[in-house]
Structures are given as C-alpha cells and as structure tokens.
Amino acid sequence: MSGRIDTNGTVIAAHGRHYLVQAGDAKLQCVTRGKKSDVAVGDIVRLKQTSPDQGVIEAINERRTLLYRSDQYKSKLLAANVTQLFIVVATEPGYSDDLVSRALVAAEAAGIKTHLVLNKIDITDSLAKTRERLSLYTGLDYPVHEVSARTMPEKTCAILNPLLKGHSTILIGQSGMGKSSLINLLVPDAELATREISAALDSGKHTTTFTRLFMLDEETSIIDSPGFQEFGLYHLTEGMLERAFREFRPHLGSCKFYNCHHLNEPGCAVLAAVDAGAISPMRHALYQQLVHESSQKLY
Ligand code: GDP
Ligand code: ZN
C-alpha cells in the first residue's frame, strides 16, 4: 500500500489548530482541512494518514455530547463525547460556588451527568463546614464523593474507579483543589503521557494549559481540563438556562405569565419558591446573572 490511508481516531489533545489523534497504537499529529477549527478533544474523527506520525482530519463523527464555555465574543468547545463531569472541590482552599454552579449548568445544558468530588477530607478542621456548604448540591441530587488523594490513595481509587469505568469523564476544578493529584492517581503514567503529548504538539512549556484525554481502556477515558478561573456561559439561551437549574423545573409552567423570565414578574412560581426557601437565593442570583450574560452575547 502506498500513500495515504483512511483511518479513525480519537482527538486526545488540541493546541491552536494542531491536534493529536490516537489511532490504534499510533499518536498522529493532525491538522484540519482548510480553516476548519471546530474539532474538540474527545471527538472521533476520520483522517487520512500522511506519514507514520501525521495525518489530516477529514471529518468529525456525530457527537454524543458537546461541552462549551463562552465569552461575549465567541463560544469555545471544551470537550466532545463526554458522558460525565467530575467537579473537584476541596476542604481547603475554599471553592467558588459560582464556578461550581456554572459548571453544573453547562453540564445540564449539554445533557451530561455531574458528580462532585470532595478532596482533602483529611483536613478535618474544615470538613464539617465544607459538607454543610455542599449540602446545597446534595439537596439537588448531585452525588458528592469524599476522597483524599494524598492521604487515602487506595480508598480514593476504590471509590472513583468504578464510577469512571465505561465513561468518558471530564475533570474540572479550580487550581489547588487537587485535580492533578487525582489524575496522577487515576491515570497510570499520566505525567509521562502529558510530556509525550506536549512534545508531539510542540507546545513546549505550556504542558498544563491545554485539555488532554487519557484512554484507560477501550471504553473508559479521562479528560483533564486546565484549571478554570472563569466559566462564561454567554451561549446559553434563557430557555436553556431555566431548565439547566434543576430546582426550577418543578415550577416551570406554574408562573402567571407563560413567557415569564423569573426575574421580577408578579406571580412567578420560581420567585415564590425562592421566597419560600425552596430555591437557594445564590442559585437564583446566578440564574439572573446568566440571563444577563446571555443577552450580552455578540455572535
Ligand atoms: P490542582 O491545582 O487542583 O491540580 O491541585 P494539586 O494536585 O496540584 O494539589 C494542590 C495541593 O494540594 C498540593 O500541595 C497537593 O499536595 C495538595 N493535596 C492534594 N490532594 C490532597 C489531599 O487529599 N489532602 C491534602 N491535605 N492535600 C492534598
Ligand atoms: Zn417565573
């Protein structure tokens, strides 16, 4: 056989318009045809292999899910085909409820199940307070798993591995929560693989600034997404937002006005639930902020 070979692969890292695609045992450095740049980590792509370690992406297979974030000017693909999101939080340093809830909303809008992972439960001084803060999310039926990557590595793996099996899981967390520690526990040779990936993408020292996928077995993968400080959701419409807040759902349709925005309308069932203590004021304030962001988008 000479010349170019058609094959399928999984995008395991992206850096600018350069992609690294795992095709069987080979990792191929790929570009897209033309100016196309809507490829995401996790995408299954059809490509033409042009050399033992290079290829051209020809097409993206239909996606099961697609996770985005966005600012006022554009939306950015975070990962494709993810089946669940793990949000890593810790006892110390404190996490931001705003960021956790934004991630939850993004996942709800994309149809992705979310788990919270509470790391560093060995820091017992802050454990009770953190559990109390997290009761907001357990109350919304988001599972919370208590682990300690540093002091209980085996127990942590015993808790998380069965949840990961058969899924494509994206981990996100603010810096300092212990996400890297968890990845290193859950992914054998994660650091080596990351060095390989960044060498192949020629991104030099930017090793942790890009999203990367680790294949654990045929049907299990973990995506490590760099620490997030901002999680813009300008791309979500009001209709998507009201449904992405789980606790709003039982009240939708009960407002006085059928086109209620749940902001300050009389007879709003969502606002009544906030007043009655059934919906957290923090979550409603975030909804308000996200509706505002949605109206500010320029694309
Ligand atoms: P990342 O920024 O989220 O990737 O966090 P790292 O994995 O780099 O961890 C941040 C700090 O928390 C490091 O000093 C870790 O050693 C520490 N750390 C990670 N897991 C635990 C844990 O379970 N308990 C405690 N006490 N410290 C931890
Ligand atoms: Zn309403």
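The values are calculated or read from the model by the stated rules, or taken from the named source; none is laboratory data. From a predicted model like this one, the values you see are computed outputs, not experimental measurements. Backbone-built Cβ (ideal geometry, glycine too); neighbour counts: all protein chains shown. Surface areas here come from the heavy atoms of the whole protein model, side chains and all, with no ligands, DNA or RNA. Shrake-Rupley method; radii C 1.70, N 1.55, O 1.52, S 1.80 Å.
Using a 10 angstrom cutoff on alpha carbons, build the Gaussian network for the chain and name the most mobile of GLY94, GLY111, GLY232.
Of the options given, GLY94 has the highest mean-square fluctuation.
Which whole-number value in Å² is the accessible area per residue of the chain, probe 1.4 Å?
Values: 14440 Å² over 299 residues.
It amounts to 48 Å² per residue over the chain.
Straight-line reach only, C-alpha to C-alpha below 17 angstrom: list the aspartates and glutamates that LYS27 could link to, leaving out same-chain residues fewer than 8 apart.
Cα-Cα hits under 17 Å: ASP6, ASP43, ASP53, GLU58, ASP189, GLU191, GLU196, ASP202, ASP217, GLU218.
Report the one residue of VAL56, GLN22, GLY42 whose Cα lies farthest in the direction of the positive end of the charge dipole of segment 5-60 (charges on C-beta: Lys and Arg +1, Asp and Glu -1; origin at the Cα centre).
Value computed over the given set: VAL56.
What aspartates and glutamates sit close enough to LYS155 to cross-link, taking a C-alpha to C-alpha distance under 14 Å and skipping anything fewer than 8 places away on the same chain?
Filter leaves ASP122, GLU146.
Hey, what number do you get for the chain at 222 nm if only DSSP H runs of n ≥ 4 count, each worth -39500 (n - 2.57), divided across all residues, to the nearest 500?
-9000 deg cm²/dmol
Past 28 Å, Cα to Cα, is the threshold; run LYS36/LYS297; LYS36/LYS165; LYS74/LYS256 against it and keep the listed order.
LYS36/LYS165; LYS74/LYS256
Relative contact order of the chain, please, whole-number percent, based on alpha carbon pairs below 8 angstrom and at least 6 residues apart.
With pairs under 8 Å counted, the relative contact order is 18 percent.
Using a simple charge model, +1 on the beta-carbon of Lys and Arg, -1 on the beta-carbon of Asp and Glu, nothing else, what dipole does the chain show about its Cα centre, in debye to the nearest 20?
Charge dipole of the chain: 580 debye, to the nearest 20.
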